[in-house]
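To start, the structure itself, in structure tokens.
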Amino acid sequence: MSCLLLTGLGSMMGTLEGVLTAIFDMNLVTWMKKWMLAGIVCFLSLIVGIIFTTGAGQYWVSLFDSFAATFGLSVVALFEMIGVMYIYGHKRFSSDLEMMVGEKPGIYWQVTWRFIGPLIMLIVFISTLVGCIMNPLEYDAYSVEIAALVKQPYPAWAVAVALLLAITSFAPIPLVAFLRYFNITKVEMDIPASVKRMNTTPSTAAIMNNQENDDDEGSDDSGHNSEFLQQISQFK
């Protein structure tokens, strides 16, 4: 029992730190101490988590697991590969890897990253979308009469919740792309620089400072490190 408790606490701390770091890097709550923000986030998570402890908790877990994580994660992975390989550029990405590890990725990785990976993710996304459209969303419900699990269709409001969960997980990606493409600066100008990854953030400042100190000490890789820092500062 204690092992499960410690495992759950360890997972919770890692997830919570990821949320808190993102909020602090975006400078949304500069006036609030970190322990206060952690308490608020934990309290809100507790409120949301109460629905999982009700009699219908298992059905809520199934709904969240199917649409809040699996579906959205596949879409995010597809956008990530497209963004890195075709927007940032596979040549620039390969040059970055060569600068860090000393050699460029081979033809296998080039073909996988540029063609096979995006194609597989696109097939998974389309097949999942077609399956959701052609087949009604169902969940396993326990039947007292036959003492077994039976398939039951989700009610309309549950389908709306599932759709909302799926959309909110990846909606910021096409939204920011739309703002960038049409140069809608009045809306985008308020987005912190940390989200655009143009400058250092409170989470990366120490790393960058250590990197600059190593450069000042005249290490053998000072030229590569300086070039890497220069690329980061110029990438917008």
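The values are calculated or read from the model by the stated rules, or taken from the named source; none is laboratory data. Keep in mind the model is a prediction, meaning the values are calculated, not measured. Cβ placement follows ideal geometry from the backbone for every residue including glycine, while neighbour counts extend to all protein chains displayed. Note: accessible area is taken over every heavy atom of the protein model, side chains too, but ligands, DNA and RNA are not part of it. Shrake-Rupley method; radii C 1.70, N 1.55, O 1.52, S 1.80 Å.
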At what distance in angstrom do the alpha carbon centres of segment 36-85 and segment 89-105 lie from each other? 34 Å
For segment 120-165, what is the convex hull (Cα atoms) projected area averaged across all directions, in square nanometres? 4.4 nm²
Run the numbers on segment 1-117 and let me know its relative contact order in percent, using alpha-carbon pairs under 8 Å that are six or more apart. 12 percent
How large is the convex hull of the Cα atoms of segment 61-134 per residue, expressed in Å³ as a whole number? 101 Å³
Solvent-accessible area per residue for segment 42-107 (1.4 angstrom probe, square angstrom): 64 Å²
Net charge over other residues, Cβ less than 13 angstrom from the Cβ of Y59 (K, R count +1; D, E count -1): -2
Highest-first arrangement of 159-171, 18-30, where packing means the average Cβ count within 10 Å: 159-171, 18-30
Go from 0 up to the bin containing the longest alpha carbon distance in segment 1-88, width 10 Å each, and give me the % of pairs per bin. 13, 28, 37, 19, 2
Along its principal axes, what span do the Cα atoms of segment 1-148 show, with the longest given first and each in whole Å? 60, 49, 32
Mean projected area (nm²) from the convex hull of Cα positions in segment 80-185 is 11.6 nm²
